[in-house]
Amino acid sequence: MEGVEPVAVTGQSLYDHFNTTLRGRTGQALIVFWAGHGLEYDHQQWLCLPEASATAMHAVNLTGEVMPTLAGSAYAFPEQYFFIDACRTRYDRLNLPRGPVERTFESAGGWGGNRQHALLASSSGTETMSLPSLSTSVFSRALREALRACAGFPWPMEEAADQVAAMIGRAPVRVTRRGPDGSVDDRLPAPPMTLEYADLAEIGKLLARVPRMTDHRTIARLVDVLEVVFGLPLEGPETPQDLVFRLGRAPSGMSRLLRLATDRADLFPEHHASTHALRARLEALGV
């Protein structure tokens, strides 16, 4: 892009740019484009920083920190766009992401009337689709084509999202942090249920019949295994039915339950008829 000098990015420089450099500046629009590694933790889109490693997961919380910061009255950009070409593979709680140089972004004043729109390449638990031969990705290429068709600001994001979806074969995730009415939506949409409601309700009843599964301590043990071993974000369900419906929104969630019902006799007694009934139903549904 003409007039834009490339600079090396670090967690510190990124923090300084959003918290200091952009404050006091004005403009018709603020555009943030990010292509790189990403992950999902606590229902938020995190973006890995250059200094991130397997032992020090440094990342920036885009939807939970950066976007709320830029929505503040200290930032005079009435139209704000975030285009994120990064994965949203889920992260477990054994190695939590940490903000740049151990810092967090904080909102700057009340809502300043800024309208924010975000298009994310990946839905919950998925990866981006790359095009190595073209040194780009399917999402980035489609996004460029869609934005070229826009006359100017404010960009019609509904139309852009539809064009991107038509070109890549799946809809990008829409996120609005602050709308024209001041409404707040900082949680990413949950993936659709993997099974029908009636099927999930039946599985919930079968799980509740397994010995001790109505005891919240047993449910907590089961949730710990699902979160720690398989990295599923379940947010502490306390009943069998609640657990099943949350698993129904997680990719491979029901298959993980089937695996534990088969392999973990400490949680699912092999001799008990309820364990066999639960396994048989899950297998019949092809999870």
Measuring from centroid to centroid over Cα atoms, what is the spacing of the range 218-283 and the range 151-165 in Å?
41 Å
Dipole-positive endmost among PRO211, VAL228, ALA277 within the range 196-282 (Cβ charges, Cα centre):
ALA277
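Among DSSP beta bridges whose residues both lie in the chain, state the antiparallel percentage, nearest 5.
Given both bridge residues lie in the chain, the antiparallel proportion sits at roughly 45 percent.
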Relative to the first principal axis of the alpha-carbon coordinates of the chain, what is the inclination of helix 253-263, with its axis defined by its Cα atoms, in degrees from 0 to 90 and to the nearest 10?
40 degrees
ALA250: net charge of surrounding residues, Cβ under 10 Å, Lys/Arg +1, Asp/Glu -1, itself excluded?
+4
Rank CYS48, CYS150, CYS87 by mean-square fluctuation in a GNM of the chain with C-alpha springs under 10 angstrom and give only the top-ranked residue.
CYS150
Where nothing but the Cβ of Lys and Arg (+1) and of Asp and Glu (-1) is charged, how large is the charge dipole of the range 65-108 around its Cα centre, in debye to the nearest 20?
220 debye
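Just subtract the alpha-carbon distance of VAL229 and HIS43 from 0.36 nm times their residue separation and send over the number in nm, one decimal.
Answer, rounded to one decimal: 65.1 nm.
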Just from its helices, what would the mean residue ellipticity at 222 nm be for the chain, if runs of 4 or more DSSP H residues each count -39500 (n - 2.57) and the sum is divided by every residue, rounded to the nearest 500 deg cm²/dmol?
-9000 deg cm²/dmol
Tensor-based shape of the range 235-287 (alpha-carbon gyration tensor, a/c under 1.5 rounded, otherwise prolate or oblate):
oblate
Of SER13, SER255, ALA121, farthest towards positive along the dipole that unit charges on Lys, Arg, Asp, Glu beta carbons give the chain:
SER255
In sequence order, calculated HN-Hα J values of the range 63-75 (Karplus, 6.51, -1.76, 1.60; Hz; x Gly/Pro):
7, x, 10, 5, 5, x, 4, 6, 7, x, 5, 6, 10
Sequence-distant or interchain residues sharing an amide H contact under 5 Å with MET57, placed H: which?
ARG98
Residues whose modelled amide H sits under 5 Å from the amide H of VAL287, counting only those 5 or more places away in sequence or on another chain, are none
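Any read-out appearing in this document is the output of simple, stated calculations on the displayed coordinates, not a laboratory observation. Not measured: the values here are computed from a predicted model. Backbone-built Cβ (ideal geometry, glycine too); neighbour counts: all protein chains shown.
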